[in-house]
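Notes follow the structure.
The values are calculated or read from the model by the stated rules, or taken from the named source; none is laboratory data. Computed from a prediction, not measured in an experiment: that's the story for all the values here. Cβ atoms come from the backbone with ideal geometry, glycine included; neighbour counts cover every protein chain shown.
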Amino acid sequence: MFEAQMAQAALLKQIIESIRELITEATFEVSGTGMMLQAMDSSHVSLVALNLRSDGFQLFRADRPFSMGMNLNHMAKMLKCAGKDDTLTMRADEANDLVTFLFESPGNERLAEFELKLMDITSENLGIPDAEYSATVSMPSAEFQRIVKDLGSIGDTVEITVTKDDVRFAASGDIGNATIKCRQLLDTEKPEDRTLIEMVEPVNLTFALRYLINFSKATSLAPSVTIKLSTEMPVVVEYKLSDIGYVRFYLAPKIED
Amino acid sequence: PPGQKGIMNFFTKK
C-alpha cells in the first residue's frame, strides 16, 4: 500500500508540466525515503532525476518499495483537474494497476477522485557518480531561462565558459553572434537574486540549446537554479523544491570528435 | 547531430 499527501496538488502538477515534454513515460520508484523518478529523453542525450523526500509530504506511507509506471501526459491531464489550492492524496496498491489522485478543496466541500492506469515501462536506470564539479553557478532561474531563450533565437548551441570573475554564454548562427556575460552578484536584498560563481578550475563546454530551453520550463518551481560544470562531463541543471526535494536535469556535452 | 554525445557515455547502467 502506498499513500502520500501533499499540501498543494499544484506542486506536482507544475513538476510534471516541466518534464513531460522531455520524457513522456517514466517509472516513479516509491519507498520509505520518498518518491523518485529517473528517465532519459527519447534521444538518450539528457536525463531527468526527480526526488521528493517522504518528510516533505504531509503524510507518507509506503509499506514496501513499489514501482509506478506512468504516462506523464496522462498524469498531467488528471493533475490539471485539481483546483488551485486543492490538496493531493495519491494512493496505490500492488493488487491493481491504478494510482488514485484525490483532490480536496480547502474547505473539504469538494472531493474529486481520478484513477490513472499504471503501465509497465522498461527503462534503464543509470548510476550517477557523486562527482566534484569544476564550476558551480547559482543564479536567478528566470535569468537563466531568459539567457537560453534569447540565445536560442541566435544559434543551436551555447558555449558556456566559467572563469573566477564571470560566466559567459555564447551562441552563433546564420544571422550573427551573441554573448551574455554574468558577473558574480552577492549584495542583493533577496538571496535568490544572487549570482554565485564557485570555480575550482575554469571550464568551457558546449551544449545543445533546445535541451536547456526545455529544462528551463522548471523555472516556476524555484527562484534560483544551480548549474554544475566539469570538462567533458554532462552539465547538471538543478531546481530545488523547497522542503521536499529537487528536479535535476543532466545534459551530455557536444564534443569535437 | 555531430559531436553530440549520449548520456550513457558518462553514466553507467545500474
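Check whether at least one residue in the range A:156-173 is over 30 Å from residue A:86 (Cα atoms), among the aromatic types (Phe, Trp, Tyr) and assigned to a strand (DSSP E or B), and report yes or no.
So in the range A:156-173, the residues over 30 Å from residue A:86 (Cα atoms) come out as A:156-173.
Filter again for among the aromatic types (Phe, Trp, Tyr), leaving A:169.
So of that shortlist, the ones also assigned to a strand (DSSP E or B) come out as A:169.
Yes: the range A:156-173 contains one or more residues that are over 30 Å from residue A:86 (Cα atoms), among the aromatic types (Phe, Trp, Tyr) and assigned to a strand (DSSP E or B).
Anything in the range A:226-257 that is touching a Gly at 6+ places or on another chain (Cβ under 8 Å), part of a strand (DSSP E or B) and farther than 23 Å from residue B:9 by Cα? List them, or say none.
Restricting attention to the range A:226-257, the residues satisfying the condition of being touching a Gly at 6+ places or on another chain (Cβ under 8 Å) are A:241, A:243-245, A:252, A:254-257.
Imposing the further condition that a residue be part of a strand (DSSP E or B) reduces the set to A:241, A:245, A:254.
Listed by number, the residues that qualify are A:241, A:245.
State yes or no: is residue A:170 surrounded by fewer than 21 Cβ atoms within 10 Å (Cβ to Cβ) and more than 18 Å from the chain's Cα centre (by Cα)?
Numbers: surrounded by fewer than 21 Cβ atoms within 10 Å (Cβ to Cβ): yes; more than 18 Å from the chain's Cα centre (by Cα): yes.
Spelling it out, residue A:170 is indeed surrounded by fewer than 21 Cβ atoms within 10 Å (Cβ to Cβ) and more than 18 Å from the chain's Cα centre (by Cα).
Across the range A:67-113, what is the number of residues that are in contact with a strand residue (DSSP E or B) (Cβ under 7 Å, 6 or more places away or on another chain), under 16 Å from residue A:2 (Cα atoms), among the hydrophobic types (A, V, I, L, M, F, W, C) and surrounded by fewer than 18 Cβ atoms within 10 Å (Cβ to Cβ)?
Residues that pass the stated criteria total 1.
In the range A:110-144, how many are touching a Pro at 6+ places or on another chain (Cβ under 8 Å) and part of a strand (DSSP E or B)?
So the answer is 2.
Checking the structure you have, find out if any residue of the range A:169-176 is at pLDDT 95 or above and under 29 Å from residue A:242 (Cα atoms). Spell out how you get there, then give the answer.
Here is the first cut: in the range A:169-176, the residues at pLDDT 95 or above are A:169-176.
Narrowing the set further to residues that are under 29 Å from residue A:242 (Cα atoms) leaves A:169.
Yes, some residue in the range A:169-176 is at pLDDT 95 or above and under 29 Å from residue A:242 (Cα atoms).
With the requirement that a residue be surrounded by fewer than 21 Cβ atoms within 10 Å (Cβ to Cβ) and of a type in the set (Gly, Ala, Ser), what does the range A:213-244 give you?
A:220, A:222, A:230, A:242
Hey, among A:224, A:220, which residue is more than 14 Å from every other protein chain (Cβ to nearest Cβ), among the polar types (S, T, N, Q) and farther than 20 Å from residue A:37 by Cβ? If you could, list the steps in order and put the result at the bottom.
Values: A:220 fails: farther than 20 Å from residue A:37 by Cβ.
The conditions single out A:224.
Within the range A:126-160, work out how many residues are within 14 Å of chain B (Cβ to nearest Cβ) and over 17 Å from the mean Cα position of the chain (by Cα).
Going residue by residue through the range A:126-160, those that are within 14 Å of chain B (Cβ to nearest Cβ) are A:126-131, A:133, A:155-159.
Next, only the ones that are over 17 Å from the mean Cα position of the chain (by Cα) stay: A:127, A:129-131, A:133, A:155-159.
Within the range A:126-160, residues that are within 14 Å of chain B (Cβ to nearest Cβ) and over 17 Å from the mean Cα position of the chain (by Cα) number 10.
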